[in-house]
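Have a look at the structure below, then the notes.
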């Protein structure tokens, strides 16, 4: 037995009572300060992460819709500075629980290297169940882009299954520009606790962050146009008379979307009324709900039922688009095509991409495409 340790009196016991009291008080203050400091840093990270997502949503969503829809968890490491060789930075993670519902924010740390810009934000999209398990166990490895760079809208408007088979995809955001990242390292949970955030996050802070996440994933950069007809509203046996009727019908069908922190119901981006008036639906940069697999395309619906089978005599409304509708549609398509650099082959009918008759066999699609290839005539679509 080591006699030097046997029966050794505690140093604390030999202190005067006042010294003991002082030691206990200062220790508790130090612990409280450390806990408050960690809490403050975590809450700051939540706010910064929300701002990163909001800025991308407002300016340019360069992450393809296919990646956004396949994401199981999102990690945001905001405000990385001075990353010349290696970096350790705080961040926030959240996982998808339903299409538009995400888990509460969790505090994580990124330890790694390969950050290109001096000041940047890092976004990690976890796509696989293996990646989700690694993130939740506190050891998600970011390996850089070994196979190919993470896809971007301007380079990969339609993502492939190979790209979506990756465990995770990593992007950097610098000066408002999103690019693929060569970052390598680990995303780890808080080493001091089994719970990534061991204290309640204020409801207002949590809700604001989750609203930013939902809006971010519902934001697109349009890559095409899908043309529809409205057909009839079930139960009314007639075409809609206003955009409000379409909005109400789509509300009943559960097409709502939270985008730019506001709720929209109408599935289309534009309606074209029989008099040629163009009515705005959901904003252009909000994901549509009009064509499965193609909701990064802008949806334009022309009011009418142009199917000879469903509306042979015109009992359900116009059997062909009016000249004013055609003129407005051509001008609207031309404007959107130029704004988002949409190739002509990405202007399609709903029936071209789905098992449907929409917009009907009486819709003059070929003639519209021919006119879109010609020089603009200067006419402008009507505005409602």
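The values are calculated or read from the model by the stated rules, or taken from the named source; none is laboratory data. Since this is a predicted model, take the numbers as computed values, not measurements. All Cβ positions, even for glycine, are placed from backbone atoms using ideal geometry, and neighbour counts span all protein chains on display.
Entry remark, the range 49-64: residues being surrounded by 18 or more Cβ atoms within 10 Å (Cβ to Cβ) and either in contact with a strand residue (DSSP E or B) (Cβ under 9 Å, 6 or more places away or on another chain) or at positive phi (or both) number 9 in total. Look at (1) within 33 Å of the chain's Cα centre (by Cα); (2) buried (at least 23 other Cβ atoms within 10 Å of the Cβ) and you find that residue 332 fails only one, number (2).
Just wondering, is there one or more residues in the range 326-338 that are over 30 Å from residue 61 (Cβ atoms) and in contact with a strand residue (DSSP E or B) (Cβ under 9 Å, 6 or more places away or on another chain)? Taking every residue of the range 326-338 in turn, at least one turns out to be over 30 Å from residue 61 (Cβ atoms) and in contact with a strand residue (DSSP E or B) (Cβ under 9 Å, 6 or more places away or on another chain).
Count of the range 168-222 residues, restricted to those that are closer than 23 Å to residue 140 by Cα, in a loop (DSSP other than H, G, I, E, B) and at pLDDT 85 or above, is 3.
What do you reckon, is residue 309 outside any helix (DSSP H, G or I) and at pLDDT 90 or above? Yes. For the range 260-289, the tally of residues that are in a loop (DSSP other than H, G, I, E, B) and either closer than 20 Å to residue 61 by Cα or outside the structural domain of residue 306 (by TED's automatic domain parsing) (or both) stands at 13. Here is a check on your reading of the model: is residue 318 surrounded by fewer than 19 Cβ atoms within 10 Å (Cβ to Cβ), at pLDDT 90 or above and either assigned to a loop (DSSP other than H, G, I, E, B) or on the phi < 0 side of the Ramachandran plot (or both)? Judged against the criteria, residue 318 is not a match. Residue count for the range 227-259 satisfying the condition of being in a strand (DSSP E or B) and surrounded by fewer than 19 Cβ atoms within 10 Å (Cβ to Cβ): 1. Regarding residue 67, is this residue more than 25 Å from residue 201 (Cβ to Cβ) and at pLDDT 90 or above? Yes; evaluated as a whole, the condition is true for this residue. Tell me, yes or no, whether the range 260-278 has at least one residue that is out of contact with any helix residue (DSSP H, G or I) (no Cβ under 9 Å at 6 or more places or on another chain) and either surrounded by 20 or more Cβ atoms within 10 Å (Cβ to Cβ) or closer than 20 Å to residue 336 by Cα (or both). No; the residues of the range 260-278 include none that is out of contact with any helix residue (DSSP H, G or I) (no Cβ under 9 Å at 6 or more places or on another chain) and either surrounded by 20 or more Cβ atoms within 10 Å (Cβ to Cβ) or closer than 20 Å to residue 336 by Cα (or both). The single residue among 266, 300 that is at pLDDT 90 or above and in contact with a strand residue (DSSP E or B) (Cβ under 6 Å, 6 or more places away or on another chain) turns out to be 300. Report yes if residue 323 is modelled with pLDDT of 95 or more and exposed (fewer than 14 other Cβ atoms within 10 Å of the Cβ), otherwise no. Answer is yes for this residue. The set of residues in the range 116-138 that are out of contact with any strand residue (DSSP E or B) (no Cβ under 6 Å at 6 or more places or on another chain) and over 27 Å from residue 207 (Cβ atoms) comprises 116, 118, 128, 129, 130, 133, 137. Checking each residue in the range 290-306 for being surrounded by 16 or more Cβ atoms within 10 Å (Cβ to Cβ), part of a loop (DSSP other than H, G, I, E, B) and in contact with a helix residue (DSSP H, G or I) (Cβ under 9 Å, 6 or more places away or on another chain) picks out 290, 291, 294, 295, 296, 303, 304.
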